[in-house]
1. To the nearest µm²/s, what D does Stokes-Einstein give for the range 166-270 at 20 °C and 1.002 mPa s, using the Kirkwood radius over alpha carbon pairs as Rh?
2. For F104, which sequence-distant residues (separation of 5 or more, or a different chain) have an amide H within less than 5 Å of its own amide H, given hydrogens modelled in the peptide plane?
3. Report the per residue volume, in Å³, of the convex hull enclosing the C-alpha atoms of the chain.
4. Anything over 22 Å Cα to Cα? Flag those among K140/K176; K102/K132; K20/K98; K13/K99; K140/K171; K48/K182, in the order listed.
5. Helix-derived [θ] at 222 nm for the chain: sum -39500 (n - 2.57) over DSSP H runs of at least 4, divide by residue count, nearest 500?
6. Which chymotrypsin sites (Phe, Trp or Tyr not before Pro) does the range 151-243 hold that lie in a coil by DSSP with at most 14 other beta carbons within 10 Å?
7. What's the angle, to the nearest 10 degrees (0 to 90), between helix 9-18's Cα axis and the longest principal axis of the chain?
8. Starting from the Cα gyration tensor of the range 229-270, take the square roots of the eigenvalues, sort them a ≥ b ≥ c, and report rounded, prolate or oblate (rounded when a/c is under 1.5, otherwise prolate if a/b is larger than b/c, else oblate).
Amino acid sequence: MNSVKFNDYSAFKDILNKSKNIIVLTGAGVSAESGIPIFRGSGGLWRKYKATSLATPEAFHANPGLVWEFYHYRRTVAFAASPNKAHLALARYEAECKKLGKQFTIITQNVDGLHHKAGAENVIELHGSLRKVRCTSCKKVEVNLDNPICEILKNRGDPSADEKNLPPIAKDELPKCKECGKLLRPHIVWFGENLEGHVLSQAQNLVESCDLCLIVGTSSIVYPAAAFGQIVAERGQPVAEFNLNEEPAQDMFNFHFSGPCGTTLPIALG
Ligand code: BJW
Ligand code: ZN
């Protein structure tokens, strides 16, 4: 039976130095110190809604104006945010790996673009990106950094606004596809939707071939990402978790570093 080593930086560094194909799965916790709210717990509310209840195709179908307001707010926060010490430590380590001929890939569940902003190049965005939109009809995907993305969303999205005082937003006022004129949506993977096939298989290949896996700032409850660490551990390869929580998500992981990852990761990768 494997026993988890707690905050053992020296034993972790021995393994890190020997590894040649490293993956890092990141979640909302890696961006928390950049001021991006996490999904679960007290930070996961926007107005009276749980963030996870708005991130569904059903919510968008029922009220696209409300869901676009929520995403307008998220885009505004993410576009203004700066990478923190955890993003920067990962990007620095990627550059070191490149020099040493090692493979290093960040697989992120985040949609905020902060790994790229920190300078990381080898990043797989599992759940899409706030920087992209997709047509609900012709499915064309494009980068769109306009903010607001359409006139009606100007001055909307305030999380503390009282909805009783806000006029509802009609569907035909929302952003439209330049090709076919139909409604655009955020290019984000919502609950119950499949991840993009090529993105998922790229991530799965790395999960099957890596010799070290870091799990950073994720509650490890949303699949398929939640299974990645477990799959690596079942193959007998080391897994190291970095989380505010004191306890590991899985007792089959080898290392657990508790505390803000803006503090723990720079030590572990330094
Ligand atoms: C810190 C910190 C600091 C804080 N330092 N740490 C198998 C079994 C059961 C269910 C399923 C299954 N397969 C699929 C499902 C259904 C579903 C699912 O997993 N549900 C579970 C809830 C049970 N999965 C899906 O629907 C996926 N699709 C799919 O698999 O398709 C096939 C299929 C469909 C249906 C049935 C079966 C198969 C799609 C998932 C898409 C997830 N989308 C979201 C919303 C994106 C939209 C957006 O961003 O606007 O992605 S949900 C939300 O959760 C978001 C996140 O990426 C994701 C993960 O959350 P994360 O990152 O872990 O955040 P938190 O808040 O949960 O945790 C933060 C952590 O950080 C905490 O642990 C803190 O302690 C820590 N922390 N500060 C270090 N400073
Ligand atoms: Zn279109």
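Every number here is computed from the coordinates shown, using simple stated rules; none is lab data. These numbers come from a predicted model, not from an experiment. Positions of Cβ are generated from backbone atoms using ideal geometry, with glycine treated the same way; all protein chains shown enter the neighbour counts.
1. Working: Rh = 16.7 Å.
Rounded, D is 128 µm²/s.
2. Close amide H contacts, sequence-distant or interchain: I22.
3. Taking the convex hull of the Cα positions in the chain, it is 126 Å³ per residue.
4. Over 22 Å apart, Cα to Cα: K102/K132; K48/K182.
5. On the way: 10 runs with 90 residues, N = 270.
Calculated from helices alone, the mean residue ellipticity at 222 nm is -9500 deg cm²/dmol.
6. Loop-located and lightly packed - F191.
7. 90
8. On the way: a/c = 3.29, a/b = 1.65, b/c = 1.99.
Oblate, because a/c is 1.5 or more while a/b does not exceed b/c.
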